[in-house]
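To keep things clear, I will list the structure first and then write my remarks on it.
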Amino acid sequence: MKTFLYPLLLLLPLLLTSMPTEATHLRGGYIYYTLDAENPRKAYFTMKLYTKESSPADDPAVTIEMGDGIQLTVNRANVRTIRPDVKLSTYTWEHTFAASGTFTATWIGQNRNGGILNLAAATGQLSMGIATEIKYSPLDLNRNSVQIKSEPHFTAYRGNPLRFNLLAYDPDGDSLGYELIAPLHADSQKLLQPSPGFTVPEGFTINRFGEVHWENPDKVGEYAFAVAITWPRHGTH
């Protein structure tokens with residue numbers, strides 16, 4: 001199964017000086033879930049959404065596509081400031097699938113950050129997609145998706161090597177795999193696609209332990225990337 005994590009990286013000068021930025025709103029997020037112990041077709045979901053606190057845009061409710069033809073409107077459970085001008089909104093809901101299968105729960109939001117350096121220009125006009133894959137099988141004893149202990153919104157400084165661990169884990173004890181991918185956005189048919197123009201900065205990597213490395217951060221600004229985190233089911237990823 002697979003969860004998509006969307007962090008945002010800020011690259012600042014080594015000496016903290018004022019840096020002009022465009023207005024931003026969506027900064028990143030992810031969805032995780034736990035299957036009910038009595039009814040494994042029933043799942044409890046949490047979405048964490050990181051946004052710019054000073055932006056007038058807000059998301060008091062979100063619309064979630066559950067992957068089985070059902071669309072849910074979910075009100076925000078709580079919101080808090082986690083660092084200067086970054087707030088974390090949390091949404092929780094539950095859903096029961098009618099049959100066994102593999103489903104992808106997704107949310108599509110508007111107003112991605114403007115001025116992101118490693119996406120195609122006019123990034124403020126791109127949407128942002130968040131997704132997680134759910135598999136229900138009566139023979140599968142795994143009940144949890146990947147969960148994240150860290151806050152995936154971090155800062156690098158020009159000329160200083162970056163080391164950051166996502167601190168992802170599977171409560172069922174499975175090993176995890178990590179892959180850098182393009183952030184997702186919705187096309188005209190509302191299907192999730194890689195964001196146009198995505199490039200990985202030179203020397204920017206993630207290893208098998210979920211540690212993000214950037215040996216020589218250079219150009220100051222905001223960067224977006226996504227991590228596909230996989231965990232085995234019946235010996236496969």
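Listed values, structure above:
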read-out: Whether segment 143-237 is rounded, prolate or oblate, judged on the alpha carbon gyration tensor where a/c under 1.5 counts as rounded; value: oblate
read-out: Summed side-chain charge close to residue 160 - residues other than residue 160 whose Cβ falls under 12 Å, Lys, Arg +1, Asp, Glu -1; value: 0
read-out: Prolate/oblate/rounded call for the chain, Cα gyration tensor, a/c under 1.5 rounded; value: prolate
read-out: Carbon and sulfur %, accessible surface of the chain computed with the full protein complex present, 1.4 Å; value: 51 percent
read-out: Distance cut-off 20 Å, percentage of C-alpha pairs in segment 50-148 lying past it; value: 51 percent
read-out: 3J(HN,Hα) from dihedral phi, segment 154-163, Karplus parametrisation 6.51/-1.76/1.60, rounded to Hz, x for glycine, proline; value: 9, 10, 10, 10, 4, x, 10, x, 9, 10
read-out: Distant alpha-carbon pairs in segment 45-98 (separation over 15 angstrom), percent; value: 50 percent
read-out: Solvent-accessible area per residue, Å², over segment 52-118 with all protein chains present [probe radius 1.4 Å]; value: 49 Å²
read-out: Residue-count net charge about residue 84 - beta-carbon cut-off 11 Å; Lys, Arg +1, Asp, Glu -1; value: +1
read-out: Residue 38 versus residue 150: modelled label distance in nm, points set 7 Å from Cα along the beta carbon direction; value: 3.9 nm
read-out: Magnitude of the charge dipole, segment 25-156, Cβ model with Lys/Arg +1 and Asp/Glu -1, debye to 20; value: 340 debye
read-out: Sequence-distant lysines (8 or more away, or on other chains) whose Cα lies within less than 20 Å of residue 87; value: 48, 52, 149
read-out: Inter-site label distance for residue 96 and residue 205 at 7 Å from Cα along Cβ, in nm; value: 4.9 nm
read-out: Segment 130-186 shape via C-alpha gyration tensor axes, a/c threshold 1.5; value: prolate
read-out: 5 angstrom amide H check on residue 101, placed H, neighbours 5+ away; value: 136
read-out: Rounded to whole Hz, the Karplus (6.51, -1.76, 1.60) HN-Hα couplings of segment 166-173, x for glycine and proline; value: 5, 6, 7, 8, 10, x, 7, x
read-out: Whole-number D in µm² s⁻¹ for segment 91-213, Kirkwood Cα-pair radius fed into Stokes-Einstein, 25 °C, 0.890 mPa s; value: 143 µm²/s
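The values are calculated or read from the model by the stated rules, or taken from the named source; none is laboratory data. As the structure is a computational prediction, the values presented were derived from the model and not from experiment. All Cβ positions, even for glycine, are placed from backbone atoms using ideal geometry, and neighbour counts span all protein chains on display. Keep in mind that these areas ignore ligands, DNA and RNA; they rest on the heavy atoms of the full protein, side chains included. Shrake-Rupley method; radii C 1.70, N 1.55, O 1.52, S 1.80 Å.
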